[in-house]
Amino acid sequence: MSSVPSSPINTIDYFSVVTIFSSSTTVINRHLFLMCRCGHFAIYDGHGGRLAAEFAKKHLHLNVLSSGLPRELVSLQLLSRPFLVDPNLRLLLQMDLKVAKKAILDGFRKTDKLLLQESVSGLTFVYGSGGWQDGATAVCVWIVDQKVFIANIGDAKAVLARSSTTDKSGNHNTEECNPLKAIVLTREHKAIYPQERSRIQKSGGVVSSNGRLQGRLEVSRAFGDRQFKKFGVIATPDIHAFELTERENFMILGCDGLWEVSS
């Protein structure tokens with residue numbers, strides 16, 4: 001397997017920042033959270049080769065932006081004071097969140113569609129008429145103002161470290177050493193899981209006794225994997241959003257290689 005961290009995007013309103021400790025891990029610390037007006041962080045974990053991971057690394061973020069990811073959201077500080085807020089502001093925030101999630105969803109689907117087209121038409125001089133058939137899982141984070149969006153396909157995970165205590169005023173207490181709680185923000189997509197297995201079986205696929213699709217592929221959602229698409233492999237991500245507070249310390253993005261070793 002190969003893991004490809006996201007690279008910086010040269011745009012005015014959006015940028016990517018990554019801290020790399022290994023090829024399979026990205027750590028987003030509190031300083032990076034605070035820097036972001038809109039930031040992008042990601043791990044792309046390839047299987048069967050690097051081409052799908054490289055393609056997703058190059059295209060996904062731009063496809064999400066072109067699909068309409070908002071450049072800013074309604075002020076969450078205002079919304080924390082409901083007695084001062086026009087109800088229309090709350091409606092606008094709800095609309096912003098829906099637009100953001102739809103942009104991420106559309107960006108994933110567009111990237112997979114383009115990747116599949118490229119896998120057939122591109123690089124045939126190297127791989128012959130069959131093209132290339134590798135795939136890639138992904139875990140991605142977008143930070144827009146004070147809102148964090150996490151999207152994943154496959155078995156890469158995002159884990160958030162959050163302080164478990166606050167001071168009397170309700171704020172994060174930085175004067176004391178507070179224990180951190182690890183919160184898993186993503187759900188794995190493997191062929192053996194009931195919801196994923198059901199979709200695979202409806203598509204005519206088989207989950208073998210080893211828990212793999214057609215006896216070969218463990219994950220049930222991924223970019224690429226052209227030969228398994230007809231058996232129910234999709235690139236539709238789970239998308240989760242939460243608001244940044246003083247309790248968030250850092251987040252770790254990692255592929256299955258990291259979590260299998262550390263768990």
**Burial order of peptide ranges 52-61, 238-247 (average beta-carbon count within 10 Å, highest first)** = 52-61, 238-247
**Request:** Given the peptides 133-143, 208-218, arrange them by the average over their residues of other C-beta atoms within 10 Å, most packed first.
**Result:** 133-143, 208-218
**Item:** 23 Å Cα-Cα reach of K110 towards lysines, excluding residues that sit fewer than 8 places from it in its own chain
**Value:** K57, K58, K98, K101, K102, K157, K190, K229, K230
**Fill in**
quick shape note, region 201-243: Cα extents on principal axes in Å, largest first -> 41, 20, 18
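Coordinate-derived values only; no laboratory data. A quick note: this is a predicted structure, and the numbers were derived from the prediction, not measured. Please note: Cβ atoms are built from the backbone with ideal geometry, for glycine as well, and neighbour counts cover all protein chains shown.
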